[in-house]
Amino acid sequence: MLNKTASRSFHLNLWLGLVGLAVGILAGFAVGVSPVLLFVAIVAVAGLIWFFASFEQAVIGLLILRSSLDLFSSLQIPAAFAIALNGLTILYVLVALLTGKAVKTDKFWWFFAVWVIFQSLWIILLPLGGLGMDASFLMNGVRVWMRYFSWLMVYLLVMQLKDSVPPEKIISLLLLSLVAPISIALLQIFIPESMLPPLLTAQGKAGSSVSGTLGFPNGLGIFLTMFIALVWWKLSISSKRLPWLLLLGLVSFVFVRTGYFTGVIAVFLLILFINSAKITPVRVIGVALFCCAFLWMFGSTEFGQQRLTEIYDTPLLNPNIDVSRSIILSYGDGNSFNWRIAHWTYLINAWNQFPILGYGLDTSRFLGIRDLETGGGYEAHNDYLRFLVEQGIVGLIGFLCFLFVQLWHLVSLLRNSQFNYARRNLCLLLVALYVANAVSMLASNIVDATTFFFYWWTLVAIAGWGDEYWNPNLAKTSA
């Protein structure tokens, strides 16, 4: 055993020495090019040392940090963060393999990896002329593929914490990711927009909608949907419930100010689904009060009243409006529901021309309604239609298979977590979130919610840890 440990230590030191030699050569080159590059190299080396020396703290710190970065999208900070995280994960895996250390995965991760590789088919076909768009759209596709690959790396990185950090501790620390988005959102609510710096103003919607650090109100709404569920989870396993009730109220208050109407339905589904496992009079009253208060808060906002009114002027509830009239109305009535019907009609017409393999990743926004002022396009606002248009029938089937296997995995985890209340509740929460988001995908761009999926795959990875990794004392806790 000692010889094996000494051998691993020798190999690790050898590789670190080689990395140090390479860094020294690059640093010398950087000095000759620009002092700024030397500074960047020093920071990168310091970060690399910290990552390996304090691996658990570094990973959790990076997880918490991610929710603060979308404010700086114009500076490409989130993209740089994703690339750096991918590089660190790959480097960690390489060092682990070279030193004989086990790399932790599970069956679902390997399926996830196969799906990400499958997505690269549309990157290959685009420059070969096999899709509806030409090679000038290649970088759009590469950017989307890198997003999927980053989610895969987040899952893999979190799995490496399996033997070293209690899952309850990681999830509790993830709640710190709320601090920056909620703080900025409160500033947007209570301080006039004219007094805020441009960096902190909400994008994508007019009126009183807030976006926090997520850049767009819908992005913040999707993000907060998950954290409403996480706070509910903490509430279900904690003996001191008042702090969590207050936090739940605060997060819900900010959520309704995003104006994310689809999210209201998602939250209702989420809460009803979570509480369906154990129906008691107290739970029924609590859920009813929460849903009523939630709907009242949403309806009390200017944007919420507008959205509730708009839905009555659509084919869904008004028999006097058909699809054709809805399309005509979408050009002047400002009704986002009618706008969606018109947008989807154009996208389906475009799909009919390339039905098998579609047009390529991230091309649907060039095929529907265009912005008359800027000439830019809009996202599909329906993830199933997006995959159909961008990847054809083949890609949509692949996406539906990915969703089905994901649900199967979550349900399997729920069935296998009957001996620990905290883990069982987390798995139930994830199934509920899955159902809520599967419904939301019918009218929203959930797949574009990069920050949400960063934390989603973190939770899915943690839920896959067996009951033996969870605090056994929480098995005796009941809501």
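Values in this text are rule-based calculations from the coordinates and carry no lab data. Fair warning: this is a prediction, and the values are worked out from it, not measured in the lab. Positions of Cβ are backbone-derived with ideal geometry, glycine not excepted, and every protein chain shown enters the neighbour counts.
With N as its number of residues, region 94-169 has a Cα radius of gyration that, divided by 2.2 N^0.38 Å, comes to 1.46.
Rounded to the nearest whole Hz, the Karplus-based 3J(HN,Hα) values (6.51 cos²θ - 1.76 cosθ + 1.60, θ = phi - 60°) of region 247-258 follow the sequence 5, 4, x, 5, 5, 5, 4, 5, 4, 5, 7, 6, with x at glycine and proline. Taking a ≥ b ≥ c as the square roots of the eigenvalues of the Cα gyration tensor, region 70-110 is oblate, since a/c reaches 1.5 or more and a/b is not larger than b/c.
As a length-normalised measure over Cα pairs under 8 Å and 6 or more apart, the relative contact order of region 80-195 settles at 31 percent. Length gained on full extension, Val439 to Arg415: 6.3 nm, using 0.36 nm per residue less the C-alpha separation.
How big, in percent, is the set of alpha carbon pairs in region 341-479 lying more than 22 Å apart? The partial results should precede the final answer.
Numbers: 4726 of 9591 pairs.
Percentage above 22 Å: 49.
Ordering 172-184, 397-409 by mean Cβ neighbour count within 10 Å, with the highest value first, yields 172-184, 397-409.
Evaluating 6.51 cos²θ - 1.76 cosθ + 1.60 at θ = phi - 60° for every residue in region 390-399, the Karplus couplings come out as 7, 10, x, 4, 4, x, 5, 4, x, 5 Hz, glycine and proline recorded as x. For region 104-257, a Kirkwood radius taken over Cα pairs fed into Stokes-Einstein (25 °C, viscosity 0.890 mPa s) yields D = 131 µm²/s.
How big, in percent, is the set of alpha carbon pairs in region 66-192 lying more than 24 Å apart?
Working: 3835 of 8001 pairs.
Looking at region 66-192, the distances longer than 24 Å represent 48 percent of pairs.
Is the shape of region 344-417 best called rounded, prolate or oblate, per the rule: a/c under 1.5 gives rounded, else a/b larger than b/c gives prolate, else oblate, with a ≥ b ≥ c the square roots of the Cα gyration tensor eigenvalues? Judged from the Cα gyration tensor, region 344-417 comes out prolate (a/c at least 1.5, a/b above b/c). The mean sequence distance of close C-alpha pairs (under 8 Å, at least 6 residues apart), as a share of the length of region 205-248, puts its relative contact order at 23 percent.
Under 37 °C and 0.692 mPa s, how fast does region 151-223 diffuse according to Stokes-Einstein, given a Kirkwood radius computed over C-alpha pairs? Answer in µm²/s, whole number.
231 µm²/s
Couplings for region 426-438, taken from phi via the Karplus curve 6.51 cos²θ - 1.76 cosθ + 1.60 with θ = phi - 60°, read 5, 5, 5, 4, 5, 4, 5, 4, 4, 4, 4, 6, 4 Hz in order; Gly and Pro are left as x.
Which net charge results when you count Lys and Arg as +1 and Asp and Glu as -1 among the other residues whose beta-carbon is under 11 Å from that of Leu426?
Numbers: positive: Lys234, Arg423, Arg424; negative: Glu168.
Combined, the nearby Lys, Arg, Asp and Glu give +2.
Residues whose amide H falls under 5 Å from that of Gly377, counting only those 5 or more places apart or on a different chain, are Asp371, with hydrogens built in the peptide plane.
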